[in-house]
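What follows is a single structure, written as structure tokens, with notes after it.
The values are calculated or read from the model by the stated rules, or taken from the named source; none is laboratory data. The structure presented is a predicted model; accordingly, all values stated were derived computationally and were not measured. Cβ sites come from the backbone with ideal geometry, for glycine too, and all protein chains shown count toward neighbours. Calculation scope for accessible area: heavy atoms of the full protein, side chains included, ligands and nucleic acids excluded. Shrake-Rupley method; radii C 1.70, N 1.55, O 1.52, S 1.80 Å.
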Amino acid sequence: MKPLHRENHLIERIGWLRAAVLGANDGIISTASLMVGVAAASTNSSEILVAGTASLVAGAMSMAAGEYVSVSSQADTENADLQKERRELAEDPESELNELTQIYVRRGVEPALARQVAEQMTAKDAFTAHARDELGLAEHVVARPIQAALTSAVTFALGAAIPLIISLVAPTAQIAPIVSGGSLVCLAVLGALGARAGGADIWKPTIRVTFWGAIAMAATAAIGTLVGHAV
């Protein structure tokens, strides 16, 4: 008999991939948009660079804090449900066994076989069986606040560094269009890579992230132009 092999499923990447794509996209879009807006209002390259640097630092910290708080809330909810399930298993194991049986029946297993499966799963590890089949909580989908916070902060900083680097090598008079163009190209590449890593078609995510990035930069450029002329 051939030895069992372990399949690597794309869903196992969902925790860090979501945070990484969100962080990098946000880093590029928010920093590039801010720099383009400042460039539209001022031709002082140092002001543009300061704005971009401030965006990188503040954005990375904000992403880390926001991800940690939001994912911690999700983790708290998951833990509350798990504790409730643990109590119910201790207080009324027979009802929990019946509940597990009905879950398998609704999935298409014959009642007698569903009962047998539920009994075997309960005998092996009742808590894990209920967490997975009743609550839908498996190892690869549970909330990990620290992982999400660190991933978002690092990827935001890396994304934000792109328009900053572009601005350093661009002529002062051309910072806005060069930062915009370079950032949009990087967004397109990132969208394609994120889709590829997630096993999705690359065109729709690429077009989506590039389109909204262009909208954000155009909006801040317009605001910067209006403010620059008004002041």
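As a summary of the residue check, VAL189 satisfies the conditions (1) among the β-branched types (Val, Ile, Thr); (2) surrounded by fewer than 19 Cβ atoms within 10 Å (Cβ to Cβ); (3) modelled with pLDDT of 90 or more except for the one numbered (3).
Pairing residues of segment 186-215 that are free of Cβ contacts under 8 Å to residues at least 24 places away in the same chain and hydroxyl-bearing (Ser, Thr, Tyr) with residues that are open to solvent by less than 40 Å² (accessible area, probe 1.4 Å) and part of a helix (DSSP H, G or I), at Cβ distances under 6 Å and at least 6 apart in sequence or on separate chains, gives THR206/ALA188; THR206/GLY191; THR206/ALA192.
Given the criteria over 28 Å from THR43 (Cα atoms), open to solvent by 30 Å² or more (accessible area, probe 1.4 Å), among the aliphatic types (A, V, I, L, M) and in a helix (DSSP H, G or I), does LEU184 qualify? Spell out the reasoning first.
Details: over 28 Å from THR43 (Cα atoms): no; open to solvent by 30 Å² or more (accessible area, probe 1.4 Å): yes; among the aliphatic types (A, V, I, L, M): yes; in a helix (DSSP H, G or I): yes.
Answer is no for this residue.
Would you mind stating whether ALA51 is part of a helix (DSSP H, G or I), touching a residue at least 12 places away in the same chain (Cβ under 8 Å) and open to solvent by less than 40 Å² (accessible area, probe 1.4 Å)?
Working: part of a helix (DSSP H, G or I): yes; touching a residue at least 12 places away in the same chain (Cβ under 8 Å): yes; open to solvent by less than 40 Å² (accessible area, probe 1.4 Å): yes.
Considered against the rule, which asks whether it is part of a helix (DSSP H, G or I), touching a residue at least 12 places away in the same chain (Cβ under 8 Å) and open to solvent by less than 40 Å² (accessible area, probe 1.4 Å), ALA51 comes out as yes.
Yes or no: GLY27 under 20 Å from ALA219 (Cα atoms), within 28 Å of the chain's Cα centre (by Cα) and either touching a residue at least 40 places away in the same chain (Cβ under 8 Å) or buried (at least 16 other Cβ atoms within 10 Å of the Cβ) (or both)? Considered against the rule, which asks whether it is under 20 Å from ALA219 (Cα atoms), within 28 Å of the chain's Cα centre (by Cα) and either touching a residue at least 40 places away in the same chain (Cβ under 8 Å) or buried (at least 16 other Cβ atoms within 10 Å of the Cβ) (or both), GLY27 comes out as yes.
Under the condition of being assigned to a helix (DSSP H, G or I) and of a type in the set (Gly, Ala, Ser), which residue from segment 79-119 is surrounded by the most Cβ atoms within 10 Å (Cβ to Cβ)?
ALA118
Filtered by the rule that a residue be buried (at least 18 other Cβ atoms within 10 Å of the Cβ) and polar (S, T, N, Q), segment 120-135 gives a lone residue, THR122.
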